[in-house]
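The values are calculated or read from the model by the stated rules, or taken from the named source; none is laboratory data. What you see is a predicted model; the values in this text were computed from it and never measured. Cβ placement follows ideal geometry from the backbone for every residue including glycine, while neighbour counts extend to all protein chains displayed.
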Ligand SMILES: Cc1cc2nc3c(=O)[nH]c(=O)nc-3n(C[C@H](O)[C@H](O)[C@H](O)COP(=O)(O)O)c2cc1C
Ligand code: SF4
Ligand code: FES
């Protein structure tokens with residue numbers, strides 16, 4: 001779906017024509033590749049370029065929110081072989097913004113990556129694209145061919161002495177490859193099992209060479225930041241939370257979709273843009289940053305603004321900007337059961353606490369949901385998460401633990417009801433009606 | 001060139017090998033193994049599924065040990081290590097989709113085809129799989145047809161249409 005509604009569009013300016021506006025000539029008509037040209041023609045220094053990105057306070061859009069300019073400055077200057085890698089392995093349940101970025105405007109990500117290559121001194125880049133969106137991967141390859149033919153990629157770009165080439169690599173169904181070092185292993189043609197950190201990718205990345213890895217939306221923001229200046233970009237949002245952000249709104253709203261708004265926009269406004277609650281039903285809970293972020297009850301969420309600091313203060317994470325909206329038809333035990341199954345299924349299995357713990361979490365939530373819960377199960381779940389968090393190679397174990405802890409914390413009575421009465425608090429017929437799948441009296 | 005390739009790897013067609021060569025060219029000359037994921041997809045497209053022999057042939061062509069290619073083929077969910085129906089349907093049932101009918105869509109397909117997840121219809125036409133988030137939750141219910149084609153907003157009417165289209 002193309003653009004529905006936005007405030008202060010930058011990233012989504014190219015989405016207006018839907019699938020008809022993605023190609024090179026459309027992007028150039030919107031001012032595309034002007035910033036790359038300016039950087040090369042003015043022979044901007046790497047330090048100045050990185051300083052401009054730092055000024056914007058752009059924070060990584062992949063989930064962790066790490067300052068992008070700072071990350072780029074970690075790249076060793078002297079190394080002869082370096083890489084820039086883009087993370088489009090968008091698999092965090094609830095997130096679908098990077099797909100639309102590459103679908104409607106692939107060249108902004110390409111331009112952002114070339115500029116990043118210049119800033120960190122890399123000559124080659126890869127964009128790792130989620131296997132499930134193969135049609136988008138094919139479009140991205142087409143966009144790369146266009147950029148290459150126009151001289152934006154390859155040797156001596158636009159007649160400068162800077163050379164950079166870029167290729168697409170697709171995944172094939174493994175959530176863990178979204179984790180940056182799992183992703184690098186995967187590009188190397190191996191199982192996508194995360195590496196120990198340190199060393200971080202800036203020192204030991206793809207093929208063991210210094211590598212800068214950022215999310216698609218992070219790269220796509222770069223041309224706009226250079227176009228308007230770092231400070232102006234920062235001022236679009238709020239201090240320490242620069243710029244605009246794409247939010248993928250899914251679940252029980254009238255118009256699920258991507259919405260670009262300035263950081264600091266009230267959640268209530270975002271909900272309104274997404275058409276409000278489906279069927280006028282009551283908001284029950286929101287997961288504000290993708291399935292790995294702690295769930296928040298309706299009243300807490302309605303007081304939040306959409307930025308890193310506000311959501312963190314409320315006890316959750318802005319994460320990838322995936323806003324999963326749940327109304328009163330949701331059984332929280334069943335919802336958690338599905339998420340716990342996901343982490344169990346996707347654990348790469350290297351770390352015992354994650355491999356075994358994620359299985360325990362799923363099995364215990366499953367038995368509660370299926371009327372076989374025991375009085376001590378909620379304590380058991382919390383103890384299992386204690387043994388997972390911070391004890392593993394990557395953050396997937398924490399991601400499996402956060403939903404469990406937060407669902408129990410905020411919706412404890414629903415779990416207790418399940419254990420005592422061996423059934424859902426929310427009537428199954430009401431749950432069934434919530435999805436909107438069955439229309440007008442059908443089965 | 002083509003004939004030379006097919007001699008190196010008689011298991012795969014010249015056309016597939018040409019596609020694999022294009023993938024190999026994306027990576028540094030000493031990093032051919034990076035092309036294994038794409039190469040296995042190309043092989044799966046040609047053969048319908050990945051037998052041990054096919055995986056070993058891909059490994060041989062890329063100059064890597066067969067076990068290394070097998071590890072990759074068994075790690076990633078979308079490789080089929082057993083034969084599947086002519087149409088493999090993968091329905092996303094993860095929470096964001098479930099809120100908008102993902103599970104109900106899967107139930108609907110199960111009932112229409114008379115099979116459960118990981119089963120194939122008796123005529124060998126359809127295989128049904130349960131999928132994880134495909135990064136398209138705003139278009140729920142979503143399903144993939146043969147890994148590469150994504151279908152959005154799959155309410156009963158659209159599912160009926162899709163199944164009828166699959167000849
Ligand atoms: C289990 C797991 C899954 C992740 N999935 C993604 C993903 O799909 N896309 C993404 O950009 N980052 C993902 N990340 C975060 C990356 O590891 C990394 O922090 C990010 O790509 C850095 O880019 P940024 O600084 O621009 O955000 C994931 C992390 C973990 C632990
Ligand atoms: S925490 Fe889990 S997913 Fe991450 S490396 Fe360990 S076992 Fe793999
Ligand atoms: S949850 Fe189904 S596509 Fe994301």
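For the range A:418-430, enumerate the residues that are in a helix (DSSP H, G or I), at pLDDT 95 or above and surrounded by fewer than 18 Cβ atoms within 10 Å (Cβ to Cβ). Quick ask: steps written out before the conclusion?
First pass over the range A:418-430, keeping only residues in a helix (DSSP H, G or I): A:418-421, A:428-430.
Add one more test, that the residue is at pLDDT 95 or above, and what stays is A:418-421.
Matches in the range A:418-430: A:420, A:421.
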Seminar exercise, completed: Of the listed residues (A:359, A:349), the one being closer than 30 Å to residue A:177 by Cα, touching a helix residue (DSSP H, G or I) at 6+ places or on another chain (Cβ under 8 Å) and not in a helix (DSSP H, G or I) is A:349
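Could you check, for the range B:46-55, whether at least one of its residues is facing chain A (nearest Cβ under 9 Å) and either modelled with pLDDT of 95 or more or outside any helix (DSSP H, G or I) (or both)? So that I can check it myself, show each step before the final result.
Filtering the range B:46-55 for residues facing chain A (nearest Cβ under 9 Å) gives none.
Checked against the condition, which is being facing chain A (nearest Cβ under 9 Å) and either modelled with pLDDT of 95 or more or outside any helix (DSSP H, G or I) (or both), the range B:46-55 yields no hits at all.
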For this session: Inspect the range A:384-396 for any residue being under 15 Å from residue A:294 (Cα atoms), surrounded by 21 or more Cβ atoms within 10 Å (Cβ to Cβ) and away from ligand 3 (no atom under 16 Å from the Cβ) and give the result as yes or no.
Result: yes
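Looking only at the range B:79-134, how many residues end up being in a loop (DSSP other than H, G, I, E, B) and within 9 Å of chain A (Cβ to nearest Cβ)?
At the first step, the residues of the range B:79-134 found to be in a loop (DSSP other than H, G, I, E, B) are B:79-86, B:93-94, B:100-101, B:114-118, B:121-125, B:132-134.
Now drop any that are not within 9 Å of chain A (Cβ to nearest Cβ), which leaves B:79, B:93-94, B:100-101, B:132-134.
Counting residues in the range B:79-134 that are in a loop (DSSP other than H, G, I, E, B) and within 9 Å of chain A (Cβ to nearest Cβ) gives 8.
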Exercise. If residue A:315 satisfies every condition in (1) surrounded by fewer than 24 Cβ atoms within 10 Å (Cβ to Cβ); (2) under 20 Å from residue B:137 (Cα atoms) but one, which is the exception?
Worked result: (2)
Exercise. Only one of B:35, B:39 is crowded, with 19+ Cβ neighbours inside 10 Å, within 12 Å of chain A (Cβ to nearest Cβ), over 30 Å from residue A:339 (Cβ atoms) and within 13 Å of the chain's Cα centre (by Cα); which?
Worked result: B:39
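Can you list the helices (runs of 4 or more DSSP H) found entirely within the range A:89-160 that contain at least 3 residues being touching a residue at least 60 places away in the same chain (Cβ under 8 Å), within 14 Å of another protein chain (Cβ to nearest Cβ) and touching a strand residue (DSSP E or B) at 6+ places or on another chain (Cβ under 7 Å)? Working first, answer last.
Values: elements: A:97-104, A:106-120, A:134-149.
Here the list reads A:97-104.
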Exercise. Within the range B:57-94, can you find the residues that are within 16 Å of ligand 1 (Cβ to nearest atom) and either surrounded by fewer than 17 Cβ atoms within 10 Å (Cβ to Cβ) or under 30 Å from residue A:285 (Cβ atoms) (or both)?
Worked result: B:77, B:92, B:94
